[in-house]
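As structure tokens, the structure follows; a few thoughts come after it.
Computed from the coordinates by the stated procedures, all read-outs in this text should not be read as laboratory data. Fair warning: this is a prediction, and the values are worked out from it, not measured in the lab. Cβ placement follows ideal geometry from the backbone for every residue including glycine, while neighbour counts extend to all protein chains displayed.
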Amino acid sequence: MDKRPNFKKIEEKWTKLWNKDLQRLFKFDINKKGNVYIIDSPPPFTSGDAHMGHALGWVWMDFIARFKRIEGYNVYLPQGWDCHGLPTELKVENRLKIPKTDVERFLKACREWTENSIESMKNTFKKLGFVPDWSKEYKTMDRKYKAFVQYTLIRMFEENLIYREEHPILWCPNCKTAISAEESGYIKRKDIFAYIKLPIKEENKSILIATTRPEMISACVVVLIGDGIYVETKEGLIVSKVYAEKEGLEIIREYDANELEEKIVEIPLINREVRIKRDPEVEYEFGTGIVWVCTYGDEMDIKWQKKYDLPVYQCIDTEGRIINSLKEINGLKVEDARKKIVEILKEKGYLYKSEEIEHNVLVHAERSECKHPIELIPKEQFFIRILDLKDKLLEIQKDIKFYPEWMRQRLINWINSLSWDWVISRNRIWGLAFPFLKTKDSKIISVDLEDLPFDPRTDKEKLEKYKRIYGDIEPFSEVVDVWVESSITPLAIILYALIEEKDIDPKDLPRLFNKIKEYVPVDLRPQGYEIIRTWLFDTLVRVYLLTGKKPWKEVLINGMVLAEDGRKMSKSLGNAVDPNDIIDKYSADALRYWALFSSHGDDYRFAWKDIETGQAFLIKLWNLSRYIWMNCKNVDIKNKPGLSKEDVEFLKRLEKLIAKSHSLVGEYKFQEYIKLWRKFVWGEFANSYLEKNKMRVKQGDLAAKWTLLATLRIILAYLHPAFPFTTEEIYSIIFGKKENKKSIIETKFKELESLFPH
RNA sequence: GGGCCCGUAGUCUAGCGGUAUGACGCCCGGCUCACUACCGGGAGGUCCGGGGUUCGAAUCCCCGCGGGCCCACCA
């Protein structure tokens, strides 16, 4: 053994072995029953480079997989790739300057870009010591993955779980695309808050409403008042009593709500009469205590429109311009129209006043730099029915174990906050097409299984076939939301295990699907908390709808990686550290030491000194082994000599530690595990037992030598899941040949039990 | 506005009903034949503040203060 471990050489050697010659040790055999452990590992979005967040998650998974393997499980650790998505599309468009109009060329460029990203990320994962079963590697852009997703969509469509309907959807006028709730977010913004007088029919009085969306005047369908007292002021304005008092307006008389409900309001400039209704959800204290409902100003308007079955007026188009309104503002951008209409209202005497208000505006926020305010626009979209599912989802989540338990709350909150069905269509290019067609009488039909995967943009001959059968048919131009693809990973990984590298006959999918169902729920879903409301939730929905079961038995949540400055680590902040640099400067095992010290769900700070701490421990382990190699390597471990009392006690202490280790891993407490073993190896073994017994070793005491060797053998097995490179190298030098084994993975913890005194 | 989390030695961190885990740093002493990236020894904490439950609280409950994250319809 060298005086110092050459980490670079060791890493190169073992990375190659595990991923090639020894890859068989990491294979999941789906035909072997019993003792199966399946990890629904995340397919990372193929953004380009692996970051520290990946390093953390992938080390956790690899630790679990290795430990379970040595425990004797038939482990399935898959590696997939989430390929589709807007960021790739934008990169191809902007960097490679390929026009979206040339669809075939554009798609090809996206595919090439994605393949390159995968290679780069895969390389980093391998350097970390992460070893999946490569024979089942999947990409969401694979033909068979796409066919499978489309098959599940057809199934759901046939069970009436998917529908197409005109519905107000979140629409980004800037990106000209529908977005989902999870892509939107609120930001604080300053806007006009206009107080508008709405005359009451046949009375010389006006209702005063306050709004941030005066430009939507042509879409006003009802005026709502809340539970409270309303008053008439000297100026002939009807407002909440609270507002009148606050503004110091002279009150002439009070109304009760019933009296107001009789009245009809004339919407100025557009010549429409609307009713006044009382609704408990109106915030009496806010503004004038009165609201006009426009279709659709915000999500609340949708609720009220449905509740009172109000007519829908679309006053904004997909470009974010005003339509169907006054000729003065038609064609104007929303923001310009807002200013203009305020001027007009003022001119005509309908504007009571306008002020500035800071409020939360729904914008296109996540996975996007756009930040443009979102409009609600009625459009035909595909939906998955999830609203009816709330109670059921709340029920089944109870049966999934969460680590840490408190992360469950995020899922529950999200389920409770659902307010409409899941919009699954996107107006984009780099994505999966819908396996549906529209006939000339507007009926939606699924394509035949034999035609999967189906893409009307490129499969011209398949389209021809349907044209021959149905006459005029129309494909859908949208693509599927990326989460629809990634939300069936627990099922897709089983599909890949069943077929391995073979291609599939799509007509075989129903048979395969029935087989897949048998493996649900799988054992573990590891992921970060930031995608609980997307990936975790969506998977729960899809797997439940498709199989009637929960997707997993357990969920393990990791936190975000923070930079040394305590802020979120990100490229744009310039505080990101590349895992490859850490491995190059120190070692993969040192990086793993850092990753395993993170606790469940909490954000975790990166610090170079933690890497150094890990590195120091690895060197300690190396040198400790070196001493044993120098002094004890010729001892036959299978031939246990008579041990001294001290040796026996020491080994008994180790045996206790082992029992504790297994229970810690059962709860995925990696940090406690490392601490326990570090303390034992460095303190109790190296500095205490070994130091005390050096004399015996020198004198050739076989019992002491045997104890040292046996202890090291056990330590290597238990530290292997954490530090696979270093432990494999030491093992191969001291034990490999004698045991006729190439890797620690080939032995099982159970086999080591014979080394203990009983 | 609601929810979740966090506040523990100089710094970071574990524990989450029995006076506290570990790392780094610091102080004193050692180049001892595997390792000076080491060895031996040591100092350092009113576990954010206040109240409550309990024989007993860092740990449970309530109220504050400070920090972070997530969600939300205030027109």
Inset, instruction - Kindly state, to the nearest 0.05, the FRET efficiency for A:SER599 paired with A:GLU202, given R0 = 60 Å and r defined as their beta-carbon distance. - result: 0.30
Legend entry - Loop trypsin sites (Lys or Arg not before Pro), segment A:611-672 (other Cβ atoms within 10 Å of the site Cβ: 15 or fewer; DSSP): A:LYS633, A:LYS638
Legend entry - Of A:TRP420, A:ILE469, A:PHE454, farthest towards positive along the dipole that unit charges on Lys, Arg, Asp, Glu beta carbons give segment A:404-480: A:TRP420
Inset, instruction - Ratio to report: Rg/Rh of segment A:234-342, with Cα atoms as the point set and Rh obtained by the Kirkwood method; give two decimals. - result: 1.00
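Which semi-axes, in whole Å and largest first, does the equivalent ellipsoid of chain A have when worked out from the alpha carbon gyration tensor as the square roots of 5 times its eigenvalues? Write out the running numbers ahead of the final one.
Working: eigenvalues 781, 191, 98 Å².
Calculated on Cα positions only, the semi-axes equal 62, 31, 22 Å.
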Legend entry - Reachable aspartates and glutamates from A:LYS392, criterion Cα separation under 16 angstrom, eight or more residues apart if same chain: A:ASP421, A:ASP538
Legend entry - Calculated diffusion of segment A:90-149, Stokes-Einstein form, Kirkwood radius summed over Cα pairs, 25 °C and 0.890 mPa s, µm²/s: 183 µm²/s
Inset, instruction - Sort by residue number and report every cysteine in chain A with no other cysteine beta carbon within a distance under 4.7 Å. - result: A:CYS83, A:CYS110, A:CYS220, A:CYS294, A:CYS315, A:CYS370, A:CYS632
Legend entry - Semi-axis lengths (Å, descending) of the ellipsoid that matches the C-alpha gyration tensor of segment A:575-628: 23, 14, 8
Inset, instruction - Determine how many Å³ per residue the convex hull of the Cα atoms of segment A:1-141 encloses. - result: 141 Å³
Inset, instruction - Subtracting the Cα-Cα distance from 0.36 nm times the residue separation, let me have the gained length for A:GLU347 to A:ASP565 in nm, one decimal. - result: 73.0 nm
Legend entry - Pairwise label distance in nanometres, A:ILE444 with A:PHE749, each label 7 Å out on the Cα-Cβ vector: 5.0 nm
Inset, instruction - Holding the Cα-Cα limit at 19 Å, pick out from A:LYS16/A:LYS144; A:LYS638/A:LYS748; A:LYS645/A:LYS694 the pairs that are longer than that. - result: A:LYS16/A:LYS144
Legend entry - Nearest-ten-degree value, helix A:334-347 long axis tilted from longest Cα axis of chain A: 30 degrees
Inset, instruction - Could you tell me the largest-minus-smallest coordinate of the C-alpha atoms of segment A:712-758 on each of the three principal axes, in descending order and whole angstroms? - result: 32, 23, 16
Inset, instruction - Any chance you could list the semi-axes, whole Å, largest first, of the equivalent ellipsoid that the Cα gyration tensor gives for segment A:159-219, using √(5λ)? - result: 34, 19, 10
Inset, instruction - Identify all lysines with a Cα-Cα distance to A:LYS327 below 16 Å; exclude those on the same chain that are fewer than 8 residues away in sequence. - result: A:LYS339, A:LYS340, A:LYS348
Legend entry - Per-q log10 I(q)/I(0), segment A:627-685, q = 0.15, 0.28, 0.31 Å⁻¹ (Debye; single scatterer per alpha-carbon; no solvent): -0.61, -1.13, -1.19
Inset, instruction - Just the number, please: percent antiparallel of the DSSP beta bridges in chain A, rounded to the nearest 5. - result: 75 percent
Inset, instruction - Could you pull out the trypsin sites (Lys or Arg not before Pro) across segment A:111-177 that fall in loop regions by DSSP (anything but H, G, I, E, B) with no more than 16 other Cβ atoms inside 10 Å? - result: A:LYS176
Inset, instruction - Filter the chymotrypsin sites (Phe, Trp or Tyr not before Pro) in segment A:594-689 down to the DSSP loop ones having no more than 12 other Cβ atoms within 10 Å, then list what survives. - result: none
Inset, instruction - Report the charge-dipole magnitude of chain A in Debye, nearest 20, computed about the Cα centre from +1 at each Lys and Arg Cβ and -1 at each Asp and Glu Cβ. - result: 4080 debye
Inset, instruction - May I ask you to compute the full-extension gain from A:LYS698 to A:ASP508, defined as 0.36 nm times their residue separation minus their alpha-carbon distance, rounded to one decimal in nm? - result: 61.5 nm
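Can you check what the Kirkwood hydrodynamic radius comes to for segment A:415-492, Cα pairs only, in Å to one decimal?
Taking every pair of different Cα atoms in segment A:415-492, averaging 1/r and inverting gives 14.1 Å.
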Inset, instruction - Measure up A:LYS440/A:LYS462; A:LYS462/A:LYS507; A:LYS306/A:LYS371 against 20 Å on the Cα-Cα distance and list the ones that go over. - result: A:LYS306/A:LYS371
Inset, instruction - Compute the distance in nm between two label points, each set 7 Å from the Cα along the Cα-to-Cβ direction, one at A:ASN258 and one at A:ASP391. - result: 3.5 nm
Legend entry - R0 of 35 Å, Cβ-Cβ distance A:LYS32-A:LYS738: FRET efficiency to nearest 0.05: 0.75
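Taking a temperature of 10 °C and a viscosity of 1.306 mPa s, what whole-number D in µm²/s does Stokes-Einstein yield for segment A:438-585 with Rh from Kirkwood over alpha carbon pairs?
Translational diffusion coefficient: 83 µm²/s.
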